[in-house]
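Below: one structure, written as structure tokens.
The values are calculated or read from the model by the stated rules, or taken from the named source; none is laboratory data. As the structure is a prediction and not an experimental result, all values here were calculated from the model. Cβ: placed from backbone, ideal geometry, glycine included. Neighbour counts: every protein chain shown.
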Amino acid sequence: MDTSTTITPLGGDVYEIDTRMAGYSGITAGYLILSDRPCLVEPGTAGSAPVVRQALTELGVGPADLATVVVTHIHLDHAGGVGDIAEMYPGAEVVAHEKGARHLASPERLMRSARMVFGDRLDTLFGELKPTDAQRIRAVEDVGVIDLGGGRRLESHYSPGHAKHHVGLVDSQTGDLYVGDAAGIYIPETADVKPATPPPDFDLDTALKSLDRFRALQPQRLLFAHYGPVAEVADTLDRSAEELKIWVDTVRNARDEGMDLDHAVAAVVERTKERYAVTSDDIDPELAAKYELLSSTQSNVAGIMHALNWNE
């Protein structure tokens with residue numbers, strides 16, 4: 001495969017790596033913190049592992065140098081490459097929330113579930129999550145600390161709502177907050193913020209509380225896995241909460257009117273089409289298609305439907 005890399009320095013010894021998910025550029029980012037104890041945040045998919053390895057090599061991080069691999073949650077676009085990266089960097093500790101850590105050691109159930117959702121597309125989009133030796137995995141609880149060396153630390157903060165095994169990560173030196181998917185999808189080309197609410201874990205109240213937790217941390221910058229750095233912290237978190245409420249309100253109304261999933265999706269598209277520049281007529285339709293592949297409207301509406309039905 002093509003392992004050409006796009007590496008963007010973000011300051012503070014932080015480097016954004018385009019992991020080239022499914023061959024697309026600008027869809028999923030990993031981040032290398034090149035501290036005394038180098039740390040990779042969000043390795044991406046199994047298919048991305050050769051790209052990530054090439055990027056780390058270019059940044060001077062060899063097989064014996066990587067100290068830690070951290071994932072915000074275990075969905076395959078974020079953590080599918082953990083097993084491959086663990087093999088490539090045998091000294092690296094793997095850190096995940098306790099509700100997800102066991103699936104990195106024994107991924108069979110996770111892979112079965114993913115294959116039911118994605119079918120044959122799973123291999124193209126993500127690849128196979130390989131198991132990681134359980135002795136190399138450290139599970140963190142609601143708050144955990146990753147030592148970056150030199151007094152620098154990465155602190156994890158439990159932030160469910162998108163997934164039960166989700167954490168945000170704050171860099172003590174830069175004030176960066178790695179938001180995973182808890183604040184949704186950020187589209188840098190248009191500055192749109194869209195929800196990420198797939199089944200089965202999405203819960204509106206929990207997701208909003210996680211956003212409140214992020215605000216209280218007062219980060220200097222948000223680093224999105226999808227995609228990139230955002231300096232407008234308060235406005236972006238507010239927009240994320242607003243979009244969640246609008247989507248849930250629209251799906252609830254559609255369900256109350258007896259609509260099925262397809263009609264609920266159509267209702268969301270109709271209500272939100274003017275809210276996102278990415279879906280306007282003067283934007284390259286391939287851009288919208290790329291992000292629809294990553295976080296489809298149908299999947300997000302299905303997650304909201306599931307939550308509404310579960311909570312009644």
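Just so you know, in the range 278-302 the residues that are among the hydrophobic types (A, V, I, L, M, F, W, C) and modelled with pLDDT under 90 include one that is nearest to residue 184 (Cα to Cα), and it is 294. Here 198, 219 are screened, and the one residue that is modelled with pLDDT of 95 or more and outside any helix (DSSP H, G or I) is 219.
Residues of the range 105-162 that are of a type in the set (Lys, Arg) and either under 19 Å from residue 199 (Cα atoms) or in contact (Cβ under 8 Å) with a residue 60 or more places away in the chain (or both): 109, 112, 115, 121, 130, 152. If you check 255, 239 for being in a helix (DSSP H, G or I), surrounded by 15 or more Cβ atoms within 10 Å (Cβ to Cβ) and touching a helix residue (DSSP H, G or I) at 6+ places or on another chain (Cβ under 7 Å), only one passes: 255. When the range 95-138 is limited to residues that are of a type in the set (S, T, N, Q) and within 22 Å of residue 41 (Cβ to Cβ), the one that is nearest to the chain's Cα centre (by Cα) turns out to be 132. Within the range 258-281, the set of residues being assigned to a loop (DSSP other than H, G, I, E, B), more than 26 Å from residue 21 (Cβ to Cβ) and among the charged types (D, E, K, R) comprises 260, 274, 281.
Taking the range 37-54 only, how many residues are over 20 Å from residue 144 (Cα atoms), crowded, with 24+ Cβ neighbours inside 10 Å and either touching a strand residue (DSSP E or B) at 6+ places or on another chain (Cβ under 6 Å) or not small (Gly, Ala, Ser) (or both)? Quick ask: steps written out before the conclusion?
Pass one, the range 37-54, residues over 20 Å from residue 144 (Cα atoms): 44-54.
With the extra rule that they be crowded, with 24+ Cβ neighbours inside 10 Å, the set shrinks to 44-45, 48-49, 51-52.
Right, trim to either touching a strand residue (DSSP E or B) at 6+ places or on another chain (Cβ under 6 Å) or not small (Gly, Ala, Ser) (or both) and you get 44-45, 51-52.
Number satisfying all stated conditions: 4.
Only one of the numbered conditions (1) under 23 Å from residue 173 (Cβ atoms); (2) over 16 Å from the mean Cα position of the chain (by Cα); (3) crowded, with 24+ Cβ neighbours inside 10 Å is not met by residue 68, and that is (3).
Among residues of the range 32-85 being in contact with a helix residue (DSSP H, G or I) (Cβ under 7 Å, 6 or more places away or on another chain) and hydroxyl-bearing (Ser, Thr, Tyr), the one that is farthest from residue 225 (Cα to Cα) is 48.
Being in a strand (DSSP E or B) and more than 16 Å from the chain's Cα centre (by Cα) is the filter here; which residues of the range 37-57 pass it? I'd like the intermediate steps shown before the answer.
Within the range 37-57, the first condition is being in a strand (DSSP E or B), and the residues that meet it are 39-41.
Result: 39, single match.
Restricting the range 13-36 to residues that are surrounded by 17 or more Cβ atoms within 10 Å (Cβ to Cβ) and more than 19 Å from the chain's Cα centre (by Cα), the residue that is farthest from residue 84 (Cα to Cα) is 13.
Is at least one residue of the range 167-178 touching a Lys or Arg at 6+ places or on another chain (Cβ under 8 Å), on the phi > 0 side of the Ramachandran plot and not in a strand (DSSP E or B)? Checked the range 167-178: at least one residue is touching a Lys or Arg at 6+ places or on another chain (Cβ under 8 Å), on the phi > 0 side of the Ramachandran plot and not in a strand (DSSP E or B). Scanning the range 55-73 for residues that are within 17 Å of residue 150 (Cβ to Cβ) and in contact with a strand residue (DSSP E or B) (Cβ under 9 Å, 6 or more places away or on another chain) returns 61, 66, 67, 68. Within the range 145-186, the set of residues being β-branched (Val, Ile, Thr) and either at pLDDT below 95 or under 21 Å from residue 204 (Cβ atoms) (or both) comprises 167, 179, 185.
One residue stands out among those in the range 144-173 that are among the β-branched types (Val, Ile, Thr) and out of contact with any Phe, Trp or Tyr (no Cβ under 7 Å at 6 or more places or on another chain): the one that is nearest to residue 211 (Cα to Cα), which is 170.
Among the residues making up the range 276-300, those that are closer than 18 Å to residue 242 by Cβ and without any contact (Cβ under 8 Å) to a residue 60 or more places away in the chain are 279, 297.
On the stretch given as the range 127-154, residues that are part of a strand (DSSP E or B) and either touching a Ser or Thr at 6+ places or on another chain (Cβ under 7 Å) or β-branched (Val, Ile, Thr) (or both) total 10.
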